[in-house]
1. Using a 10 Å cut-off around each Cβ of peptide B:421-433, what is the average number of partner chain Cβ atoms that fall inside?
2. Can you compute the modelled spin-label distance between residue A:124 and residue B:17, with each label point 7 Å from Cα toward Cβ, in nm?
3. Say the dipole of the protein assembly as shown comes from +1 at the beta carbon of Lys and Arg and -1 at that of Asp and Glu; which of A:483, B:503, A:287 then lies farthest toward its positive end?
4. D for chain A, whole µm²/s, Stokes-Einstein with Kirkwood Rh over alpha-carbon pairs at 37 °C and 0.692 mPa s: what number?
5. Dipole of chain A (Lys/Arg Cβ +1, Asp/Glu Cβ -1, origin at the Cα centre): which of A:415, A:429, A:297 lies farthest to the positive side?
6. Return the lysines within reach of residue A:179: Cα separation strictly under 16 angstrom, same-chain partners fewer than 8 residues apart disregarded; answer none if there are no such residues.
7. Given C-alpha coordinates of segment A:195-277, what is the ratio Rg to Rh with the Kirkwood estimate of Rh?
8. What pairs from A:370/A:594; A:398/A:574; B:111/B:442; A:370/A:392 go past 25 Å between their alpha carbons?
Amino acid sequence: MPALANPSAAEASLWAIILFPLAGALINGLIGKHLGRANATLVALGAMVGSLVIAGVAFSWVAQGYTLHYGGAPWIAVAGADGRAIVSVTWGLFVDRLSGTLLLVVTGVGTLIHVYSASYMSHEDDAGYARFFTYLNLFVAAMLTLVLGDSLVLTFVGWEGVGLCSYLLIGFWFTDPQKAYAGRKAFVVNRIGDFGFLIGVFSLLAIFGTPSYAEMGAAARALVPDAVIATGVFAGWTFQGAVTFAMLCLFVGATGKSAQLPLYIWLPDAMAGPTPVSALIHAATMVTAGVYLVARNSMLYSLAPAAMATVTLVGALTALFAAVIAFAQTDIKKVLAYSTVSQLGFMFIGVGCGAWWAGVLHLVTHAFFKACLFLGAGSVMHGMGDETDIRKMGGLAKKMPHTHWTFLLSTISATGILPLAGYWSKDAILGNALFSHNPAWHEVGPIAYVIGTLAALGTAFYMTRLYWLTFRGAPRTHAAEHAHESSPVMTVPLMVLAVLATVGLVLGLPEGFGPLSEVYQRFVEPAFAAGTERLHEVGHLHAGPHPAWPFFAAWVIAALGTLVGWLMYGGAWKALPEKLAHGWPNAYGLLADKFRIDELYGALVVEPLKAAAMGLWRVVDVTLIDGTVNGVAKVAGGVASVVRLAQNGDVQRYAAVMAVAAAAILWTVLGVGGQ
Amino acid sequence: MNLLSVVTFVPLAGAVLLALIPRDEARQHRALALVVTLVTLALSLGLWLGFDASPAAPEFQFEEKYPWMSSIGIGYHVGLDGVALLLVMLTTVLMPVVVLSTWRAVEDRVKEFMIALLVLETAMIGTFAALDLILFYVFWELILIPMYLLIGIWGSQNRLYATVKFFVYTFAASVLMLLAILFLFFHDGGTFDYVQARAALQVTPEQGKWLFLAFALAFAVKVPMFPLHTWLPDAHTEAPTAGSVILAGVLLKMGTFGFFRYAMPLFPEAALTLRPWIAGLATVGIVYGALMCFVQTDMKRLVAYSSVSHLGFVMLGLAALSAEGLTGSVYQMLNHGVSTGALFLLVGMLYERRHTRLVSEYGGLAQQVPWIATAFVVVTLSSIGLPGTNGFVGEFLILSGTFLSRLAGSTTFATVGSVGVILGAVYMLVLVERVFFGALKKEENKRLADLSVREGFVLAPMIALIVVMGLVPGPFLAPARPAVNRLVQRFQQTEARLNLPTQVGTVETAVAARPPTPLEGAN
């Protein structure tokens, strides 16, 4: 494309990356039903390809060392009489190597999933088919806005936009009340996170007077963390304290969107949506937005070690917690959902301990292998007549060979077994955590390492269990015996993703691999340079190379988990799961019920809120206020019936009353109020 | 007669014309009413295009002034600042939509109905345009009569209770305002002219406080602010669709406009003292109104309570007294008119089809009426302030403007207000879910017709405004700017005069990462 042959032309065309899928959504949304399936597919897919191509061009410039910035027209712009424009947001887009990476993931994986969906959603009627691609295109547009926005506010636009699309897609089959409910639950829980995001934005506006990443970053570099703020909302706080507060608020937003403790509860329910949606939104892209948010604000987080410690710890706890829940899930998509929650936890450990690049690298590799796993699960469901219970599967390896080998490769990658992509990125995270020294809490890194390693052990176990129950052994039901492989439209994207999940290992190679060593770290580090520099200054990051033993430890852990998983579900300990479930029925029940956190929230938050609303309405509105109003009306009526006695037609008495009244009014107006 | 006066009285002239058409020509009444409102809209576009939003332009434009009862200082004085302009535009845009929406809904006494609507339009525009206190009061009270009739005659079962409650609530509060206006006459050099009175007013702080309260009470009832809101759910529920749309769309803004134009600039000192209370009640209203929505079973009642919540945002932004907060308030007034107006239109369409407002009578409608469902979802998104819709611009400006204001406790107010954003998503999405999602079970709902072409024309402008105002707010923010800055400056002058510590305007940020832009800049 000659028009994009220089960086400024690429900058000017950045909006096209977003507008392509947006236009696709508009076309399919308005007339897609009448276009026919082939045309609707063409529109949606064409939009994706167009977006992908321009994204590729933008990425190539970024890879050459440029950063692209398109200023954009003003959007919300308010300035006071003194000319200060604090809340002033433009439609500005920005690509550096961080957003460039996500740009490729979103458009690339997005395109593959659009292809897959063309077959997967073929059972829908024309209207449903067009509606699906409308939402999917719209989602991509929103996600790209999130990634490309040059200010927190524009990121927030995408942030809420993907939440909307998630809501619409989870509830895609809205005639099922449970699916509709799952969609709403996702939106509302995300809104709780967005509340934190908003307060974070307001705080940053109060600190920096701008929502622009570039302007905040530049100002943050010049800050002295211990200096006390003299004016404004945070007067009396240190800069470090104020920034820490803001970063914690943003992280609340991240826990919502990226399904971390305590707001992860919506993601497992989100599996009610069509499986390609689970792959694209609830594994590869949207749920990683929180990780992106932390990485994007690396400079600010580097000023807020307590916030980084929180990110690290929450990530570690979530990683383990979700992995444990995944042990006892029997729904193929639910296992993958908890796995996603857990893997997102790993990413937060990475960005929390200052290994921004490792967190983002895991985001990328996870996008490949988890999208592949979800799409594989979809393929299995297709082949099994929409069955999702892994206890009713078994032996699918022979029936669905392509689905099988892609799933296997992705499982190995997710498990973290040498040498596939997931191993390198996960190990980079854990190794960096172990050797980090958070100034606010020195031990948080090593603690995260221990918890994360346990979570990795769990990951290897539940992934092996999942794989074995689904694909190996003998078919356990009629449906499993007669399962069929999906069409190439579905399996080709699987293969591409499996290959990516494999060759993605190149990105994460450590030192010692010649020109390939630390290739992604070196690529993306410029985006984090300022933050990393600050972390080095305060001794947060480990200087020099790490010892090699964590690499081996990680491998042993993964192998161990796999071994146990195989023994319990494929090998000699086959009777053990049954025995455990019967031996500790309460513990097993608690695990199968996901620790009953939903029920806990219901009892602690939802029901009290409902009761409060009902109580307030009955007591305050109906009894107190309306009771008073109606009471006054009654009294007035009573007074009137007394006063009516005065209206007896006696003109002289009227005149007397008028005279007195006139005197009273004059006295009131001129006397009491007068000079 | 200048353009503003023409725009004000064209609907009244239309009403007179309507009165001359024989009673049984319902089609002609409808058509004429539509034409009159469209002509008014077209004329008002002249106001929109002719308004000069630069800081150097006069405060009130399209000004016209005639002596009326000069011996007692009453004159016909009208003019628009940017905020009044926006609200006049809101009125003239909504009215044709309202008329069109009643095409099938009103079959009884069409002539009187249309006359009432047109009189109402003149009264609403007049309220925003008036620059004379008595003129303002006349228009303000004139609104009550057609509105009283709209609810009392064309309302539903419980309409008499509702309409009397509406009338008494608002009238009782307005009488105090009248007394306050009369009082002003004796303390501003003997005039009812707003501009002169504002400049010349001399009252003691104690008097100012009571006067402010008298005005504020009238306005707070109209807004309505917690705890003076209980007339609203009844009035909305019983009013015909057209009445609800006008009530939510325009009438409530007369209250917030009253604060912006009269109560606050006339008595800045009292406003400074009392604004923590306003902010507090506004914040309570945001959360309280939202909680009330949780337990409503009647759709119109639910939307009415959501208005209490939304108008709480507007009042919070006003109390913040920062450029951002005030601008957001003005914007939110427009937003609420558009999105809540649209919600009432949609509920009205469902009501016309099923003759019930009970949420439980619906369910699964998205299958049967996909276009109505789509429109409802879009309007819902606007109502819950999703970015990309108008609602976000208003809420974001109000909440950030409050957070960044110098009002004591501003961060608490903004934080609690932000909780309203979560709650708003809950009750609106629950409503969508119960009405449109799930299985289509009820037999009666299986025969519902989707959006007709006429209804499409009713909703299209609303949805267009939701999107345009969400993506390109600039043209709608610009007119508000001079008025907002003048109000902030007026308060700053008061502070300086009284030697008060700085408590108005936007805070100094800890770091000034962005240099101030010249005044003609971004806006």
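1. Per residue, the number of nearby Cβ atoms from other chains is 5 on average.
2. 4.9 nm
3. The Cα lying farthest towards the positive end belongs to A:483.
4. The estimated diffusion coefficient comes to 121 µm²/s.
5. About the Cα centre, the residue reaching furthest to the positive side is A:415.
6. Once the sequence-local lysines are set aside, what remains near residue A:179 is A:333, A:334.
7. Ratio of gyration radius to Kirkwood radius: 1.15.
8. Violating the 25 Å limit, Cα to Cα: B:111/B:442.
No lab work stands behind these numbers, since they all come straight from the coordinates. What you see is a predicted model; the values in this text were computed from it and never measured. Reconstructed Cβ throughout: ideal geometry from the backbone, glycine too, with neighbour counts over all protein chains shown.
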